[in-house]
Amino acid sequence: MLVFNRNRSITCEKEGNWGLIIRASSVDTFHEMFLIMTIDMEIREIVEATGELIRGPYTFCRETMALLAVLKKMKVDRGISKEVVTKIGGPGGCTQFVDLVLEALRAVGQCEESFVTGAEGFDSLGYWHGKLAGKCYAHSHSLEDKRLHKSVSAVLTGN
């Protein structure tokens with residue numbers, strides 16, 4: 001018998017030269033919520049963050065959505081996770097929204113390449129190797145190994 005289910009979705013859209021709009025949603029047995037966050041990738045700063053708790057265990061849980069305003073002007077750099085937990089978590093916050101914000105912020109790393117690929121001779125494989133070596137099995141292999149063992153998606157996209 002199924003007693004719990006959760007689905008999350010994150011989409012990222014580039015807007016203009018440096019804008020990144022992240023739309024995140026989470027639906028589980030007890031909660032339904034969404035988040036829209038805009039980041040200026042040139043200065044790595046949250047420009048806007050809005051969201052809504054559509055369904056939660058208690059009606060007063062919606063009061064925590066006002067805390068999303070504190071995300072504005074946060075720098076998307078090392079230490080932001082702790083800052084998010086401190087400012088929108090705890091007894092006056094919502095742990096489910098903390099998780100969703102952190103998941104959305106992890107997606108920023110997946111989007112960074114979109115803002116640097118215009119450079120002449122950009123090496124996508126080297127870029128990701130530098131970011132993920134020692135943190136991911138695939139990227140802990142040498143660049144030579146990865147070039148020899150391209151994934152099906154890399155072959156299809158020409159990367």
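If only residues of the range 71-113 that are over 15 Å from the mean Cα position of the chain (by Cα) and within 14 Å of Ile39 (Cα to Cα) are counted, the one that is surrounded by the most Cβ atoms within 10 Å (Cβ to Cβ) is Lys72. Out of the range 6-53, which residues are of a type in the set (Asp, Glu) and either touching a helix residue (DSSP H, G or I) at 6+ places or on another chain (Cβ under 6 Å) or not in a strand (DSSP E or B) (or both)? Listed by number, the list holds a single entry, Glu42.
State whether the residues of the range 110-117 include one that is of a type outside the set (D, E, K, R), modelled with pLDDT of 85 or more, farther than 28 Å from Ser140 by Cβ and out of contact with any Ser or Thr (no Cβ under 6 Å at 6 or more places or on another chain). Taking every residue of the range 110-117 in turn, none turns out to be of a type outside the set (D, E, K, R), modelled with pLDDT of 85 or more, farther than 28 Å from Ser140 by Cβ and out of contact with any Ser or Thr (no Cβ under 6 Å at 6 or more places or on another chain). For the range 27-56, the candidate set comprises residues that are out of contact with any Phe, Trp or Tyr (no Cβ under 6 Å at 6 or more places or on another chain) and of a type in the set (S, T, N, Q); within that set, the residue that is farthest from Val70 (Cα to Cα) is Thr38.
Within the range 124-159, the set of residues being among the aromatic types (Phe, Trp, Tyr), in a loop (DSSP other than H, G, I, E, B) and at pLDDT below 80 is empty.
Scanning the range 54-73 for residues that are among the basic types (Lys, Arg) and not in a strand (DSSP E or B), we see that the one that is modelled with the lowest pLDDT is Arg62.
Across the range 35-69, the number of residues qualifying as surrounded by fewer than 14 Cβ atoms within 10 Å (Cβ to Cβ), within 19 Å of Ser114 (Cβ to Cβ) and β-branched (Val, Ile, Thr) comes to 1.
In the range 88-110, the residues that are without any contact (Cβ under 8 Å) to a residue 12 or more places away in the chain reach residues that are β-branched (Val, Ile, Thr) and crowded, with 18+ Cβ neighbours inside 10 Å with C-beta atoms within less than 6 angstrom, at least six apart or across chains, in these pairs: Gly89/Val98.
The values are calculated or read from the model by the stated rules, or taken from the named source; none is laboratory data. For clarity, every value in this text was computed on a predicted model and none was experimentally measured. Note that each Cβ is placed from the backbone with ideal geometry, even for glycine, and that neighbours are counted across all protein chains shown.
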